[in-house]
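The values are calculated or read from the model by the stated rules, or taken from the named source; none is laboratory data. None of the values given here were measured: they were computed from a predicted structure. All Cβ positions, even for glycine, are placed from backbone atoms using ideal geometry, and neighbour counts span all protein chains on display.
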Amino acid sequence: MIALKGKVLNIIREYNLINENDNIVVGVSGGPDSMALLFCLLEIKETMDFNIYVAHVNHGVRGEEARKDQLFVEEMASKLGLPYYTKNVNMIEYGKERGITSEEAGRELRYGFFREILKSVGGGKIAVAHNMNDQAETLLMRFMRGTGIDGLKGMEFISGDIIRPILGIDRKEIEAYIEVNRIETVLDKTNLEPIYSRNKVRLELIPYMEKSFNPNLVNTLWRMSRVSAIDSKFLEEYSRRRFNIMVKKEDENSIILDGEKFIEEDRSIQQRIIRNGILKINGSLQGVTEAQTSFVLNLFFASDTGKEVHLSNNIIARISYGDLIIEKAKDKEEKKYFYELKAPGLNHLDMGYSFEVDIFHRDEGFTMYKGNNTRYFDLQKVKGSLGVRNRQDGDRLVPFGMKGTKKLKDYFIDEKVPKELRDSIPLIVDDENILWVVGYRTNELYKVTKDTKKIMAISFKLL
């Protein structure tokens, strides 16, 4: 009991998570992690003075079981003499309305509610119960999606108004704390079912890796996150200083960066400077991928005044006489387009990019180059003519590596593609199907196999 309190108190002091007289809204589901956080903060409250508010969200997906959890947290808050706030939502419907996954919807709804409470009590911080094991799950999920050093730092002890006082605590220690202190909790049975990606990582992947490769996997991943966080912080602070030096002009809608100074930086710093510009204009980097920052760099080095590339959240990057401009796009309706592609041949399109189509015989010793902007297809499986267009209602495909067709809309949601970008993503098509969602996956039905005799290579390039 004392050991956990001491560890968490040290974390709070080291990272300045809580100050005297702070208002702390604690997200409490009723599960072991959030209950351990609540009771540990109550102990620490004896050492330093701050206010605790208990908050619970019923996500509307587990019916009566969720209602029982809601009542449990309410009764616990009453016993402890703590202010209690709760809200009923429907995260599945919310996700459908906004074109995001139910998990993202639940997160938006939770933090939106927590911030409503903060506003009503005069500001403060939101405490959530992410722990060392959650960090391991997050790192593995990001690694599988493809991430850089910033992603490998994982979650942080403090992010804006969100604090994670038990982030550095192993779940085994949390469970021991619950048992020793006989703290009552509830069990969300969906956490024991591999129905979500995170659950599969927790229930299947991590146990397998611990058994087969590294019994101390969670601690190993934690150490990696700390090393990555140190390096990431240095790179980000350096990039921010360089960004401030090269800003020539700035307002709420646009930033002009000095091209001569920008070109002097290493590519790693250039990418971070681009992200800093987007963050300044947009207030968020949600949906901004490495591919998008690469597109901006390619545009800059092409040095073609007037050319532009569209990014997430209605942001445009363009070149003007050697300078890089990042700005908000003016609202406009996305027009439908279709261009037929010469195959083989080089196809320059007035959309600001080109596609080169090449055809090879399999028996010519051809080797497929695994580049980001080139994909390969079995030519014999192509039906009719080849073209490029943006999405249409009812579009479907079989994403590479999967079985069964998937709605393109659902695929975009799963890949977290921002809604405002979806109409501008080029699709390579034949007379019947989508072959390639450019920048994302190809269609499983057209993959090259040992039986393929002719290979069609399609390369994408910004003009």
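Points worth noting:
- When the stretch 348-368 is filtered for residues that are assigned to a loop (DSSP other than H, G, I, E, B) and either at pLDDT 90 or above or more than 21 Å from residue 451 (Cβ to Cβ) (or both), the ones remaining, listed by number, are 349, 350, 351, 352.
- Taken across the stretch 383-392, residues that are closer than 30 Å to residue 303 by Cβ and part of a loop (DSSP other than H, G, I, E, B) do occur, with at least one present.
For (1) in contact with a helix residue (DSSP H, G or I) (Cβ under 7 Å, 6 or more places away or on another chain); (2) farther than 28 Å from residue 439 by Cβ, each residue gets a yes or a no:
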| residue | (1), (2) |
| --- | --- |
| 211 | no, yes |
| 223 | no, yes |
| 231 | yes, no |
| 243 | yes, no |
| 278 | no, no |
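- Residues of the stretch 59-103 classified as touching a strand residue (DSSP E or B) at 6+ places or on another chain (Cβ under 6 Å), at pLDDT 95 or above and surrounded by 15 or more Cβ atoms within 10 Å (Cβ to Cβ), total: 9
- The stretch 262-318, subset over 18 Å from residue 352 (Cβ atoms) and of a type in the set (Lys, Arg), residue nearest to the chain's Cα centre (by Cα): 275
- For residue 293, the conditions (1) modelled with pLDDT of 95 or more; (2) in contact with a Lys or Arg (Cβ under 8 Å, 6 or more places away or on another chain); (3) of a type in the set (Ser, Thr, Tyr) are fulfilled apart from (1).
- Residue 398 vs. criteria more than 20 Å from residue 374 (Cβ to Cβ), surrounded by 16 or more Cβ atoms within 10 Å (Cβ to Cβ) and more than 22 Å from the chain's Cα centre (by Cα): yes
- Tally, over the stretch 154-183, of residues that are farther than 22 Å from residue 108 by Cα, out of contact with any Pro (no Cβ under 7 Å at 6 or more places or on another chain) and of a type outside the set (Asp, Glu): 10
- The strands (runs of 3 or more DSSP E) located wholly in the stretch 251-345 that include 2 or more residues which are surrounded by 16 or more Cβ atoms within 10 Å (Cβ to Cβ) occupy 254-257, 308-311, 315-320, 323-328.
- Some residue of the stretch 169-187 being modelled with pLDDT under 95, in contact with a Leu (Cβ under 6 Å, 6 or more places away or on another chain) and either farther than 30 Å from residue 264 by Cα or not hydrophobic (A, V, I, L, M, F, W, C) (or both): no
- The set of residues from the stretch 218-231 being closer than 21 Å to residue 131 by Cβ and either in contact with a Gly (Cβ under 9 Å, 6 or more places away or on another chain) or surrounded by fewer than 19 Cβ atoms within 10 Å (Cβ to Cβ) (or both) comprises 219, 220, 221, 222, 223, 224, 225, 226, 227, 228, 229, 230.
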